[in-house]
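The values are calculated or read from the model by the stated rules, or taken from the named source; none is laboratory data. Since this is a predicted model, take the numbers as computed values, not measurements. Methodologically, a virtual Cβ is constructed for each residue, glycine included, from the backbone with ideal geometry; neighbour enumeration extends over all protein chains shown.
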There are 2 protein chains.
Amino acid sequence: MALVVMKFGGTSVADTDRIRNVARHIKRETDAGNQVAVVVSAMAGTTNQLVAWTKGAAGESVVEPREYDAVVATGEQVTAGLLAITLQAMGIAARSWCGWQIPIVTTDAHCSARIAGIDGAAIKSCLATGEVAVVTGFQGIEPDGQRIATLGRGGSDTSAVAIAVAIEADVCDIYTDVDGVYTTDPRMVPKAQRLAKVSYEEMLEMASLGSKVLQTRSVELAMTNGMRVRVLSSFAEPESLEPVKKGAWPEIGTIVCDEEEIVEHQTVSGIAYAKDEAKITILRVDDKPGVAARIFGPLAEANINVDMIVQNVTADGAHTDMTFTVPASELPRSLKVLNAARQEIGDFQVASSADVAKVSIIGIGMRSHAGVAARMFAALSEKGINIIAITTSEIKISVLIDAAYTELAVRTLHSTYGLDAE
Amino acid sequence: MALVVMKFGGTSVADTDRIRNVARHIKRETDAGNQVAVVVSAMAGTTNQLVAWTKGAAGESVVEPREYDAVVATGEQVTAGLLAITLQAMGIAARSWCGWQIPIVTTDAHCSARIAGIDGAAIKSCLATGEVAVVTGFQGIEPDGQRIATLGRGGSDTSAVAIAVAIEADVCDIYTDVDGVYTTDPRMVPKAQRLAKVSYEEMLEMASLGSKVLQTRSVELAMTNGMRVRVLSSFAEPESLEPVKKGAWPEIGTIVCDEEEIVEHQTVSGIAYAKDEAKITILRVDDKPGVAARIFGPLAEANINVDMIVQNVTADGAHTDMTFTVPASELPRSLKVLNAARQEIGDFQVASSADVAKVSIIGIGMRSHAGVAARMFAALSEKGINIIAITTSEIKISVLIDAAYTELAVRTLHSTYGLDAE
């Protein structure tokens, strides 16, 4: 008998028919004698509707975060109740749990709270009676026990992993609308392949570099606690999958695990891309000590996340050009902040473009292989793709390119590193 | 400075525009220096949608009441949050309160729980800081603090009165889509008049006899605790109304209060009607002791509410005919129960019809006036309306008639007792 956490996202619970399908997935596990805790998101579209209402209510004002949380948290409460009812109708004992009932204690950073701690006792004794615990994802309660707090969009993955850790589950299964983690986006590259296993570190890079399969925080949490996560499809016929077995669950979907569990590493295991980047170039600013601080200080204060930074000295040696990226949605605000800081920065010209994309290669194997970067640059150069900026970490290399070349770059790199399916 | 509870129903908060209108009503009161607690229903249509989903989830099975409550209670939580956001956007300090946060403790009869007790302390200290407390109607939490329980449809009126009692409010204002309590349904009788005041007892009879302005339980609670309730329209221009003044609030809408506050009583103050009745006649059952118990016992066990009962002995003296009413929705089930009890009751024939209506006259003044009933029967007889059954209480007389005559009967009685507007 295994202890399993199953998480279902918004598209998997979009209506009562799909909720019934989810219930069949759960039945497969309980029929096999497993104890099951389920974490659910709001029905697809619900959260957007609720958010739109809060904006409508606030008008020109900012929505108060605590009230935002009170409103938006209802989405998961509805799904949890409906799934419990569906399970009961199938003869499976079940009850719904709101975050505050467990409790899932969060920080008081409303709208983007972090989980501070989960008391697993109530859920565990619920499971011990043979009851399925259906838990609202994405939410918890402030430390003082008063107000509901949400984890921010996509937080349900994090809730699932945190609950799996709290109740010492054998595995945390994340059901989504894809059947695993791919070497790259299959909609862009038909030859993309599903990865049977991927390490936490690689998954973390993929998540933060634009892959939408798992939320970054959930991968961090899984890595910290050594919780095995499987990514699999809720749209697979429930009865066609094998139930979890303690210690040796079936290798379906993609298993996210410690790198030591992965025997042979590919040099590069995945290609990620992100189109929601914008590039800002500050031209001909005086090349004096502290200029970077004077540029990036005000942006940091304005809470704008600067990503790739490239600095070049101009031909005259007295000036420097500085290029960096920000989220495309923050471009107008970034330019405003820079203009306001013109006095401190000194005179400069500015050029910007939202027409750029970041393409990244990711792989644990990179650490032990030389020449991975050189091969990347050569492959892109052969296709005439100009690199605007480069950043690297131990297990990933990202380049900024003209957005029009995104697909060409991703396909080229996918075959360069031998990832194409045959 | 007065302490005011304001309650707004589903049509008054149906969208963000209407919620803004509600906020203006509240602003009128806070501008006048009043402390305000608000009780809200779910946005019109929301509860029906949520209930439909629970039914969809349950399929052929019965919806588990605790999960039903968890799902349906979200409707009010959304409205409370949205109203708090709207108030804040208007510069008015406000926060939303769920039933479990106050807490409003209920019995554990899920779906139709009664309020067991409210701790007014949290709300009172919230109000003392000048903050408006926006409370979810219709719900509370079980005594053990675990599961959400709802009060049943229309329970928000009861929540409002209970909160008014708990925080010792000066008045409980119920805002609805009509501007007060009328002598009868104005859609049926254009000459119906708004009552400036009505006693708890009369309001109670009106509520249980089909007037939909206030929920019966809320009137009971107000009467028990001597809480003054005003019924007024949320669609009135908020600024056109006078704010509440301590001890002498403006006489707008209808004030529901102790009969002693009403100086001159009309003999009859209102005419009510209900079309959702069905009549069952048991023909030629043996006229022996205990026959009534044998008929009504099984119905009571099946939780079917029997209302008007008439018994006649037949011409041969050995048999009796028994006529009574049940809610129209319960007619098929009632007939089934009676057939199942045929052995105990003895042989009988049965006739039934859902084509009947109950018309009632209500008035505190009836107690001190003779001949009120005789005048009623004469007026109906003059119009050729046949009376099938009669029931009376100290302050009301109800007759059961053919449904086709409902409007004629109501109009006739409305002018018989001098209630027509000039």
| task | Could you check B:Ile167 against (1) in contact with a Lys or Arg (Cβ under 9 Å, 6 or more places away or on another chain); (2) over 27 Å from B:Ala128 (Cα atoms) and say which number it fails? | result | (2)
| message | With the requirement that a residue be in a helix (DSSP H, G or I), away from chain A (no Cβ under 14 Å) and crowded, with 21+ Cβ neighbours inside 10 Å, what does segment B:7-19 give you? | response | B:Gly10, B:Ser12
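Yes/no per residue for (1) within 19 Å of B:Ile252 (Cα to Cα); (2) free of Cβ contacts under 8 Å to residues at least 12 places away in the same chain; (3) in a helix (DSSP H, G or I):
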site	(1), (2), (3)
B:Val5	yes, no, no
B:Asn21	yes, no, yes
B:Arg24	yes, no, yes
B:Met43	no, no, no
B:Gln49	no, yes, yes
| task | Scan segment B:82-106 residue by residue and report those that are touching a residue at least 40 places away in the same chain (Cβ under 8 Å), at the interface with chain A (Cβ under 8 Å from one of its Cβ atoms), part of a helix (DSSP H, G or I) and not aliphatic (A, V, I, L, M). | result | B:Thr86, B:Trp100
| Within the bounds of segment B:279-291, is there any residue that is within 29 Å of the chain's Cα centre (by Cα), polar (S, T, N, Q) and part of a helix (DSSP H, G or I)? | no
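Can A:Met1 be described as at pLDDT below 95, more than 8 Å from chain B (Cβ to nearest Cβ) and over 25 Å from the mean Cα position of the chain (by Cα)? Working first, answer last.
Values: at pLDDT below 95: yes; more than 8 Å from chain B (Cβ to nearest Cβ): yes; over 25 Å from the mean Cα position of the chain (by Cα): yes.
In short, yes.
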| Flag for B:Val71 being in a helix (DSSP H, G or I) and modelled with pLDDT of 95 or more | yes
| field | Filtered residue count, segment B:167-180, keeping only those that are modelled with pLDDT under 95 and on the phi > 0 side of the Ramachandran plot | value | 1
| request: Kindly list, by first and then second residue, each pair from a residue in segment A:189-215 that is basic (Lys, Arg) to a residue that is part of a helix (DSSP H, G or I), limited to pairs with Cβ atoms under 8 Å and residues at least 6 apart or on different chains. | output: A:Lys191/A:His414; A:Lys191/A:Ser415; A:Lys197/A:Glu261
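Quick grid of which residues meet (1) crowded, with 19+ Cβ neighbours inside 10 Å; (2) at pLDDT 85 or above; (3) aromatic (Phe, Trp, Tyr); (4) more than 23 Å from B:Val219 (Cα to Cα):
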| site | (1), (2), (3), (4) |
| --- | --- |
| B:Glu239 | no, yes, no, yes |
| B:Glu242 | no, yes, no, yes |
| B:Cys257 | yes, yes, no, no |
| B:Tyr273 | yes, yes, yes, no |
| B:Glu301 | no, yes, no, yes |
| B:Val326 | yes, yes, no, yes |
| B:Ser329 | no, yes, no, yes |
| B:Arg333 | no, yes, no, yes |
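Restricting attention to segment B:107-118, and to residues there that are surrounded by fewer than 19 Cβ atoms within 10 Å (Cβ to Cβ) and in a loop (DSSP other than H, G, I, E, B), which single residue is nearest to the other protein chains (Cβ to nearest Cβ)? Talk me through it step by step, then tell me what you get.
Step one: of segment B:107-118, the residues surrounded by fewer than 19 Cβ atoms within 10 Å (Cβ to Cβ) are B:107-109, B:111-112, B:114, B:116-117.
Retained after the next criterion (residues that are in a loop (DSSP other than H, G, I, E, B)): B:107-109, B:111-112, B:114.
Working: B:Thr107: 19, B:Asp108: 14, B:Ala109: 18, B:Cys111: 13, B:Ser112: 17, B:Arg114: 22 Å.
So the residue we want is B:Cys111.
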| message | Looking at (1) part of a strand (DSSP E or B); (2) within 12 Å of chain A (Cβ to nearest Cβ), which one does B:Val36 not meet, given that it meets all the others? | response | (2)
| note | Reported set for segment B:67-80 where residues are within 11 Å of B:Thr150 (Cα to Cα) and facing chain A (nearest Cβ under 7 Å) is B:Glu67, B:Ala70, B:Val71, B:Thr74
| note | Exception for B:Thr314 within (1) surrounded by fewer than 17 Cβ atoms within 10 Å (Cβ to Cβ); (2) hydroxyl-bearing (Ser, Thr, Tyr); (3) closer than 30 Å to B:Glu261 by Cβ falls at (3)
| query | Which one of the conditions (1) in contact with a strand residue (DSSP E or B) (Cβ under 6 Å, 6 or more places away or on another chain); (2) away from chain A (no Cβ under 13 Å) does B:Ala128 fail to meet, given that it meets all the rest? | reply | (1)
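Do the conditions hold for A:Glu202, that is, is it assigned to a helix (DSSP H, G or I) and surrounded by 23 or more Cβ atoms within 10 Å (Cβ to Cβ)? Explain how you work it out, then say what you get.
Numbers: assigned to a helix (DSSP H, G or I): yes; surrounded by 23 or more Cβ atoms within 10 Å (Cβ to Cβ): yes.
The answer is yes for A:Glu202.
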| task | Determine which member of the set A:Ala149, A:Ala164 is modelled with pLDDT of 95 or more and over 28 Å from A:Val63 (Cβ atoms). | result | A:Ala164
| said: Checking the condition within 10 Å of chain B (Cβ to nearest Cβ) and not basic (Lys, Arg), which residue from A:Thr47, A:Thr54 passes? | reply: A:Thr54
| request: May I ask you to say which residue of B:Ser61, B:Ser12 is of a type in the set (Ser, Thr, Tyr), touching a helix residue (DSSP H, G or I) at 6+ places or on another chain (Cβ under 7 Å) and without any contact (Cβ under 8 Å) to a residue 60 or more places away in the chain? | output: B:Ser61
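Does segment A:161-184 contain at least one residue that is within 14 Å of chain B (Cβ to nearest Cβ), in contact (Cβ under 8 Å) with a residue 60 or more places away in the chain and in contact with an Asp or Glu (Cβ under 8 Å, 6 or more places away or on another chain)?
Pass one, segment A:161-184, residues within 14 Å of chain B (Cβ to nearest Cβ): none.
Looking for residues that are within 14 Å of chain B (Cβ to nearest Cβ), in contact (Cβ under 8 Å) with a residue 60 or more places away in the chain and in contact with an Asp or Glu (Cβ under 8 Å, 6 or more places away or on another chain), one finds none in segment A:161-184, hence no.
Report yes if B:Ala149 is within 14 Å of chain A (Cβ to nearest Cβ) and either touching an Asp or Glu at 6+ places or on another chain (Cβ under 8 Å) or in a helix (DSSP H, G or I) (or both), otherwise no. Reasoning before the result, please.
Values: within 14 Å of chain A (Cβ to nearest Cβ): yes; either touching an Asp or Glu at 6+ places or on another chain (Cβ under 8 Å) or in a helix (DSSP H, G or I) (or both): yes.
Spelling it out, B:Ala149 is indeed within 14 Å of chain A (Cβ to nearest Cβ) and either touching an Asp or Glu at 6+ places or on another chain (Cβ under 8 Å) or in a helix (DSSP H, G or I) (or both).
Just checking, which of A:Asp347, A:Asp321 is more than 30 Å from A:Thr416 (Cα to Cα) and surrounded by fewer than 17 Cβ atoms within 10 Å (Cβ to Cβ)?
Numbers: A:Asp321 fails: surrounded by fewer than 17 Cβ atoms within 10 Å (Cβ to Cβ).
Exactly one of A:Asp347, A:Asp321 is more than 30 Å from A:Thr416 (Cα to Cα) and surrounded by fewer than 17 Cβ atoms within 10 Å (Cβ to Cβ), namely A:Asp347.
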